Amino acid sequence: MAAVVWGRGFSRAWLRRSAGPGCGRHYRAALCTELKRPLAIEEVTPRPVRPHEVRVDVHFCGVNFADILVCRGQYQERPHLPFTPGMEFSGTVLETGTDVSTVKQGDRVIGVSGLNGMAEECVIDQKRLWQIPESIPLREAAALPASYGTAILALERRACTQPGETVLVTAAAGATGLAVIDVATNVLQAKVIAAAGSDEKCKLAMQRGAQSSVNYSQGSLKEAVKKLVGSGGVNVVIDTVGGDVFLEALHSLAWEGRIVVVGFAGGTIASVPANLLLLKNVSAMGVIWGRYKDQNFPLFSGSISSALQYCQQGRIQPYIGAVFKLEEVAYL
């Protein structure tokens, strides 16, 4: 489920009123100084904004599985120590560079930074900011980019999900899984089977819109899905687990079905049996939302804009499972 860090406090607000940007004040940030060790909450001196950059007062920062992995040195991108984790945040604009034309001071924005979000302040390129409609709370906005961006690209672009199709989503109670349920059910009008590792997680997925659920810790996922949909199978699988769960989900695909690999939360990367792709005419593909930032930025930006639009229209609603103060993320 999604979690966010609350980055604002009374003392910080007082400091901001007393001194403007670049006037010798400090702000707090979570620092990873050593991998696999607790984060340090330290005061940091703000740096000047460059002409194309924006300084944002961070209100909330999303907590993602990738943040945990990067702090353990297990993510595909390994920043130099020390660094501040946090890839997505929401807040208000404090200061803009001389060449910034997209936002102004006081605007409510989402930022996708890759790093540096778990702090009371973040300096970011104007291209990495999106304005938040007034109807969307800042807390919910912080949970939109990574999870909903992934869900939208996985379902709409990669799997080309159609109304009435059946979507099987694994790790359904995770942030991405819940976003997939939300988008598939309420935007694409698909039917969702939620697969998760406990009855409690299955219950949450059902509450969030899934039509049925499977607890794969209690037996074969493939057999459970077959009981729900028959031998025809499901049209789309969105898998974030990998390993045996991925293989059983692959066997659950219908003719010309599509399985989208999002991640390997189970810790095991499965080998794809190519004969199965042939016999059922199915497709196996991957989606890594963050790479679109470099490979196809208009599509990357569009996924966030779509998430904001769907949320503004009331078609989706991010689920926030927990909210932490900045000093509480030391043991990320």
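The values are calculated or read from the model by the stated rules, or taken from the named source; none is laboratory data. Just so we're clear, the structure is a prediction, and the values are computed from it rather than from any experiment. Virtual Cβ from ideal backbone geometry, glycine too; neighbours counted across all protein chains shown. Calculation scope for accessible area: heavy atoms of the full protein, side chains included, ligands and nucleic acids excluded. Shrake-Rupley method; radii C 1.70, N 1.55, O 1.52, S 1.80 Å.
Where residues in segment 225-240 are more than 16 Å from MET285 (Cβ to Cβ) and touching a residue at least 12 places away in the same chain (Cβ under 8 Å), which of them is most open to solvent (accessible area, probe 1.4 Å)?
LYS226
Right, GLY286: over 17 Å from the mean Cα position of the chain (by Cα), within 30 Å of ILE132 (Cα to Cα) and open to solvent by less than 70 Å² (accessible area, probe 1.4 Å) or not?
No; evaluated as a whole, the condition is false for this residue.
Taking segment 210-220 as the search range and keeping residues that are free of Cβ contacts under 8 Å to residues at least 40 places away in the same chain and farther than 15 Å from VAL180 by Cα, which one is surrounded by the fewest Cβ atoms within 10 Å (Cβ to Cβ)?
GLY219
Restricting to segment 250-279, count the residues that are more than 18 Å from GLN162 (Cβ to Cβ), in contact with a Phe, Trp or Tyr (Cβ under 9 Å, 6 or more places away or on another chain) and not polar (S, T, N, Q).
Counting residues in segment 250-279 that are more than 18 Å from GLN162 (Cβ to Cβ), in contact with a Phe, Trp or Tyr (Cβ under 9 Å, 6 or more places away or on another chain) and not polar (S, T, N, Q) gives 9.
Can you tell me how many residues within segment 253-273 are more than 27 Å from ALA146 (Cβ to Cβ) and surrounded by 13 or more Cβ atoms within 10 Å (Cβ to Cβ)?
Matching residues across segment 253-273 total 2.
If I filter segment 48-75 down to residues being at pLDDT below 95 and part of a loop (DSSP other than H, G, I, E, B), which single residue comes out as farthest from the chain's Cα centre (by Cα)?
Checking each candidate, the answer is GLY73.
If you take the residues of segment 290-319 that are closer than 18 Å to LEU129 by Cα and either at pLDDT below 95 or of a type in the set (D, E, K, R) (or both), which of them is surrounded by the most Cβ atoms within 10 Å (Cβ to Cβ)?
GLY290
Take segment 185-209 and flag every residue that is without any contact (Cβ under 8 Å) to a residue 40 or more places away in the chain, closer than 10 Å to LEU168 by Cα and open to solvent by less than 10 Å² (accessible area, probe 1.4 Å).
Once the filter is applied, which keeps residues that are without any contact (Cβ under 8 Å) to a residue 40 or more places away in the chain, closer than 10 Å to LEU168 by Cα and open to solvent by less than 10 Å² (accessible area, probe 1.4 Å), segment 185-209 yields VAL192, ALA194.
Quick one: count up the residues across segment 67-114 that are touching a strand residue (DSSP E or B) at 6+ places or on another chain (Cβ under 8 Å) and polar (S, T, N, Q).
Here the count works out to 7.
When you go through LEU250, LEU276 one by one, which is the residue that is at pLDDT 95 or above and open to solvent by less than 30 Å² (accessible area, probe 1.4 Å)?
Values: LEU276 fails: at pLDDT 95 or above.
Within the list LEU250, LEU276, the selection yields LEU250.
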